[in-house]
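Please treat every number below as a calculation from the coordinates, not as lab data. Treat the numbers as computed from the prediction; the structure is a model and nothing was measured. Every residue, glycine among them, receives a Cβ derived from its backbone with ideal geometry; neighbour counts consider all protein chains shown.
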Amino acid sequence: MYLDRDLRGMGKPVKKLTGIAHFFAAASYSLGGAKRLLGEAAFRHELMAFGGAMVAFVISGATFFQYVAMLVLFLLMIAFEALNTAIEEIVDRVSPEISEMGKNAKDLGSLACLCVIVANAGYAAYVVFLSKLFAV
């Protein structure tokens with residue numbers, strides 16, 4: 001049994017969805033998360049950078065595999081950004097005052113995002129500028 005969400009954590013029991021209803025409910029939760037993520041300036045910047053990388057890939061004549069690898073890296077970046085946003089929201093909810101532990105949690109989430117951003121930028125730079133130099 002699952003509980004309806006409310007601020008106290010106490011709610012009436014609800015029946016767990018199964019089958020196709022569960023699939024559509026999960027999809028609606030994911031879409032809600034995507035809409036929430038679009039509210040983050042950092043995510044919108046990452047989305048624009050991905051668009052720019054795709055234009056650069058077209059100009060540089062990237063291979064199909066290079067597009068797929070870039071897409072996988074971008075999806076990882078979306079996932080990390082979503083988790084970072086979730087961490088920030090939870091910390092702000094349970095610890096509205098400024099605390100060292102809350103700051104550390106947010107900083108670590110930010111570091112995780114930075115690592116994936118660097119991986120995306122490094123791979124895009126390799127494909128656009130260096131892959132032709134090292135082609136075998």
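Put a plus charge on the Cβ of each Lys and Arg, a minus charge on the Cβ of each Asp and Glu, and nothing anywhere else: the dipole of the chain about its Cα centre is then about 460 debye.
So if each residue of separation counts as 0.36 nm, and I subtract the Cα-Cα distance between A112 and A41, what length gain in nm does that give? So the chain would gain 23.9 nm between A112 and A41. Percent of Cα pairs in segment 1-120 per distance bin of 5 Å, from zero to the largest separation: 2, 9, 14, 15, 16, 15, 12, 9, 4, 3, 1, 0.
Relative to the longest principal axis of the Cα atoms of the chain, the long axis of helix 100-125 lies at roughly 30 degrees. Here's the picture: charge each Lys and Arg Cβ at +1 and each Asp and Glu Cβ at -1 in the chain, and of M77, A25, G39 the one pushed furthest to the positive end of that dipole is A25.
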